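Input: a single structure, listed below in structure tokens.
Any read-out appearing in this document is the output of simple, stated calculations on the displayed coordinates, not a laboratory observation. These figures come from a predicted structure and were not determined experimentally. When we count neighbours, we look across all protein chains shown, and the Cβ atoms used for this are built from the backbone with ideal geometry, even at glycine.
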């Protein structure tokens, strides 16, 4: 599915692969937070807290995921698929012609940084804004022909997971592990920083 010439990759998966290759988690989720905050009419102080927590979580998850990448130094699909006769698994066969749809990043694969940063962001925004349906539209000047629309935060992280697999630069399990790492980091950040000072609870998840 991740090969540049794959006939099994639907156009919508090609679109998300290209979109999320051109946008970092910080670019994506700050755009999301801005739209949701504006729709709710949040105050300047509420926005300051939201964006501080959001970007701390993304930043700290990035530090953690890159430390993990260089600890394990796991190969990318382009290397694994081309060298599948050297992996000790008799059920895999090499494909020397495999070329990923998205150019392979020049650092180790495991786990996915897009998954960790995006899942960290999603947890923070879910705790602040709740998990009800919304109208979110994502665009990027680098890809003016692609516009993505979402109703739930989870739909965004699902697309990001698909984007990295259909783009040919990550394995699915790297997305899953990266997401777990990101959620753990974000939960730590949210619990310990910028807590509400008033007796009244200030976030939607706490009001549910």
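With respect to the chain, whose longest principal axis is taken over its alpha-carbon atoms, helix 113-129 is tilted by about 20°.
Scattering from segment 1-60 was approximated by placing one identical point on each alpha carbon and applying the Debye formula without solvent; log10 I(q)/I(0) at 0.26 1/Å stands at -1.02. For the chain, the relative contact order is 34 percent, taking Cα pairs closer than 8 Å that sit 6 or more residues apart in sequence and dividing their mean separation by the residue count.
In this entry, the chain is assigned a mean projected area of 12.9 nm², taken as a quarter of its C-alpha convex hull surface.
With contributions of -39500 (n - 2.57) from each DSSP H run of at least four residues, the per-residue ellipticity at 222 nm computed over the chain stands at -18500 deg cm²/dmol. Between helix 25-40 and the chain there is an angle of about 30 degrees, using the helix long axis and the longest principal axis of the Cα atoms.
Sorted on the mean count of surrounding Cβ atoms within 10 Å across their residues, most packed first, peptides 113-120, 173-180, 150-157 read 113-120, 173-180, 150-157. Note on segment 28-135: along the principal axes its Cα atoms extend 58, 29, 22 Å, ordered by decreasing extent.
Please report the orientation-averaged projected area of segment 82-195, defined via the convex hull of its C-alpha atoms, in nm².
Values: hull surface 39.4 nm².
Convex hull of Cα atoms, orientation-averaged projection: 9.9 nm².
Helix 11-22 and the longest principal axis of the C-alpha atoms of the chain enclose an angle of approximately 70°.
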